[in-house]
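Enquirer: Would you mind keeping the following structure in view while I ask a few things?
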Amino acid sequence: MSVAPGEPRSGPEAAARFFCTAGRGLEPFLMREVRARLAATQVEYISGKVFFTTCSDLNMLKELKSAERLFLLIKKQFPLTVSSVSKGKIFNEMQRLINEDPGSWLNAISIWKNLLELDAKKEKLSQRDDNQMKRKVGENEIIIAKKLKIEQMQKMEENRDCQLGKQIEETLEQRDFTTKRENFQEEAFQNDTEKATETHNQNDLTFREVGKVIGIALMKHFGWKADLRNPKLEIFIHLNDIYSVVGIPVFRVPLASRAYIKTAGLRSTIAWAMASLADIKAGAFVLDPMCGLGTILLEAAKEWPDVYYVGADVSDSQLLGTWDNLKAAGLEDKIELLKVSVVELPLPSESVDIIISDIPFGKKFKLGEDIKRILQEMERVLHVGGTIVLLLSEDHHRRLTDYKEGSIPFNSKDSHTNEPGIKKCLIPEENTGASKTVSTSFEASNHEFLNKMSPFGSLVPVECYKVSLGKTDAFICKYKKSHSSGL
């Protein structure tokens with residue numbers, strides 16, 4: 001069942017419309033995840049956002065790993081129609097976001113309250129069950145203590161031949177077991193880093209002015225009061241020349257901020273996306289031969305625990321940071337660390353099931369031709385049918401793409417194939433006002449491109465995604481080992 005933002009819900013478990021912000025290029029990962037994890041329907045995307053309908057509660061929504069932030073949708077529409085003549089007309093258009101359809105606002109807030117109340121009830125029930133369990137444990141401890149005391153007294157009586165007629169009183173002090181409820185405090189609210197696209201008609205309009213105009217309109221229409229220091233409800237509004245989106249943040253702390261990661265390395269959403277692409281199964285041997293601070297292994301081990309993980313790096317400081325992260329996440333026994341070079345792995349040939357790694361790049365790293373040696377060593381230890389998922393810089397990706405003379409451009413869409421398991425390099429469409437469902441553009445193939453980007457004989461490219469790392473772009477590339485390399 002699906003419900004539009006302005007339609008009534010039929011209960012706390014009824015479906016609601018949400019959207020998540022996502023790093024550019026991660027939209028296909030997030031769309032797959034909400035379908036698999038939340039049984040979401042009406043899944044669609046615009047650049048940087050994925051919309052979906054689900055009946056899931058807050059605990060399930062918290063489990064999303066490829067999203068930055070989660071919002072309850074109030075409305076999504078085409079961009080505001082404004083002219084460049086005055087700010088007044090722009091402000092009037094913004095006020096229409098509130099005044100045109102007040103029912104969508106009230107309905108979204110009602111859904112938001114139901115979600116929080118249902119979550120509070122479940123938390124209360126869980127705490128009551130915990131208290132009952134603790135009381136039962138306490139009663140058992142008292143019974144055991146009494147039995148031990150009786151046994152001790154019996155032994156004392158047996159050893160006292162001269163005191164057969166003496167009576168002994170048994171006393172046992174009972175302790176009250178009480179439990180204290182822990183007060184959970186969320187982290188301080190972090191401002192969303194996403195900025196609205198500026199248009200040439202904004203007439204020097206500032207974000208502060210936009211917030212003020214919309215805030216005043218809400219206060220007038222609904223009688224609300226603004227409290228910037230300790231608000232009960234926040235409103236997210238994204239306006240640009242492509243679309244307008246309004247929503248309520250479901251959690252103050254972004255989903256991408258992992259509580260179990262002490263020192264952040266690679267962006268957690270990117271690390272999870274790479275692990276999800278590797279098709280990890282229980283009992284597999286997963287290796288990250290350039291693990292850095294271990295973010296990829298942490299994300300993988302949290303999601304797929306019944307796996308043997310090994311992280312390797314040549315840097316003592318990186319391995320110490322990884323160890324701190326493992327202890328903070330409680331994963332010391334799940335991931336083994338090795339200090340070795342990626343080009344001299346102490347592993348037998350064809351002994352690893354899956355390799356996932358962020359190939360270092362930037363001013364500090366000048367790998368150059370070493371990328372070939374790195375892939376050759378990975379190819380050697382990977383067994384036939386195994387998977388490699390790499391995060392490559394644009395330069396590294398270009399080197400692999402240009403390995404054979406005459407490679408076609410990255411985003412070419414000219415040739416297709418029906419060969420199973422082969423997908424094209426995916427780049428979500430931008431500069432479009434229409435939302436798109438999970439379409440054939442995410443499933444189409446590009447056989448010519450993939451065939452020409454294969455760097456070595458036994459590593460066959462399967463999927464490739466262009467993603468944003470903030471100031472730079474990178475490529476998540478997946479390979480399968482088709483046959484024995486003979487190395």
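Per-residue answers, yes or no, for (1) free of Cβ contacts under 8 Å to residues at least 12 places away in the same chain; (2) in contact with a His (Cβ under 6 Å, 6 or more places away or on another chain); (3) within 30 Å of A301 (Cβ to Cβ):
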{"residue": "W224", "(1), (2), (3)": "yes, no, no"}
{"residue": "H238", "(1), (2), (3)": "no, no, no"}
{"residue": "L255", "(1), (2), (3)": "no, no, yes"}
{"residue": "G265", "(1), (2), (3)": "no, no, yes"}
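Enquirer: If N240 satisfies all but one of (1) among the polar types (S, T, N, Q); (2) open to solvent by less than 40 Å² (accessible area, probe 1.4 Å); (3) modelled with pLDDT under 95; (4) under 20 Å from the mean Cα position of the chain (by Cα), what's the number of the condition it fails?
Expert: For N240, the exception is condition (4).
Enquirer: Report yes if E27 is touching a Phe, Trp or Tyr at 6+ places or on another chain (Cβ under 9 Å), at pLDDT 95 or above and acidic (D, E), otherwise no.
Expert: Considered against the rule, which asks whether it is touching a Phe, Trp or Tyr at 6+ places or on another chain (Cβ under 9 Å), at pLDDT 95 or above and acidic (D, E), E27 comes out as yes.
Enquirer: Okay, next question. Mind checking which residues of region 33-51 are surrounded by fewer than 18 Cβ atoms within 10 Å (Cβ to Cβ) and in a helix (DSSP H, G or I)?
Expert: Across region 33-51, the qualifying residues are R35, A36, R37.
Enquirer: Checking the conditions here, which among S86, S66, S47 is at pLDDT 95 or above and either among the polar types (S, T, N, Q) or in contact with a strand residue (DSSP E or B) (Cβ under 7 Å, 6 or more places away or on another chain) (or both)?
Expert: S66
Enquirer: Looking at the structure I just gave you, is S56 in a loop (DSSP other than H, G, I, E, B), out of contact with any Cys (no Cβ under 7 Å at 6 or more places or on another chain) and either of a type in the set (A, V, I, L, M) or over 20 Å from S110 (Cα atoms) (or both)?
Expert: no
Enquirer: Among the listed residues S276, S257, which satisfies the condition of being open to solvent by 30 Å² or more (accessible area, probe 1.4 Å), modelled with pLDDT of 95 or more and within 30 Å of F236 (Cα to Cα)?
Expert: Being open to solvent by 30 Å² or more (accessible area, probe 1.4 Å), modelled with pLDDT of 95 or more and within 30 Å of F236 (Cα to Cα) holds for just one of S276, S257, which is S276.
Enquirer: Hey, another quick one. Scan (1) open to solvent by less than 20 Å² (accessible area, probe 1.4 Å); (2) at pLDDT 75 or above; (3) in contact with a helix residue (DSSP H, G or I) (Cβ under 7 Å, 6 or more places away or on another chain) for the single condition D358 breaks and write down its number.
Expert: Checking D358 against (1) open to solvent by less than 20 Å² (accessible area, probe 1.4 Å); (2) at pLDDT 75 or above; (3) in contact with a helix residue (DSSP H, G or I) (Cβ under 7 Å, 6 or more places away or on another chain), the one that fails is (1).
Enquirer: Among the residues in region 279-287, are any in a helix (DSSP H, G or I), in contact with a Ser or Thr (Cβ under 7 Å, 6 or more places away or on another chain), open to solvent by 20 Å² or more (accessible area, probe 1.4 Å) and in contact (Cβ under 8 Å) with a residue 60 or more places away in the chain?
Expert: The answer is no; no qualifying residue exists.
Enquirer: Looking at region 319-349 only, could you name the residues that are more than 23 Å from L382 (Cβ to Cβ), of a type outside the set (F, W, Y), more than 19 Å from the chain's Cα centre (by Cα) and not in a loop (DSSP other than H, G, I, E, B)?
Expert: Passing the criteria: L320, G321, D324, K327.
Enquirer: Go through (1) in a loop (DSSP other than H, G, I, E, B); (2) without any contact (Cβ under 8 Å) to a residue 12 or more places away in the chain for K89 and report which single condition fails.
Expert: Of everything listed in (1) in a loop (DSSP other than H, G, I, E, B); (2) without any contact (Cβ under 8 Å) to a residue 12 or more places away in the chain, K89 misses just condition (1).
Enquirer: List every residue pair whose Cβ atoms lie under 6 Å apart, where the two residues are 6 or more positions apart in sequence or sit on different chains, the first residue falls within region 23-34 and is on the phi > 0 side of the Ramachandran plot, and the second residue, located anywhere, is at pLDDT below 95 and acidic (D, E).
Expert: Going by the 6 Å Cβ cut-off, there are no qualifying pairs.
Enquirer: In addition: Would you be able to say whether some residue in region 309-321 is touching a His at 6+ places or on another chain (Cβ under 7 Å), surrounded by 18 or more Cβ atoms within 10 Å (Cβ to Cβ) and either touching a residue at least 12 places away in the same chain (Cβ under 8 Å) or among the β-branched types (V, I, T) (or both)?
Expert: No, there is no match, as no residue in region 309-321 is touching a His at 6+ places or on another chain (Cβ under 7 Å), surrounded by 18 or more Cβ atoms within 10 Å (Cβ to Cβ) and either touching a residue at least 12 places away in the same chain (Cβ under 8 Å) or among the β-branched types (V, I, T) (or both).
The values are calculated or read from the model by the stated rules, or taken from the named source; none is laboratory data. No experiment lies behind these values; they were computed from the predicted model shown. With ideal geometry, Cβ positions are generated from the backbone for all residues, glycine too; neighbour counts draw on all protein chains shown. We work out accessible area using only protein heavy atoms, side chains counted, and drop any ligands, DNA or RNA first. Shrake-Rupley method; radii C 1.70, N 1.55, O 1.52, S 1.80 Å.
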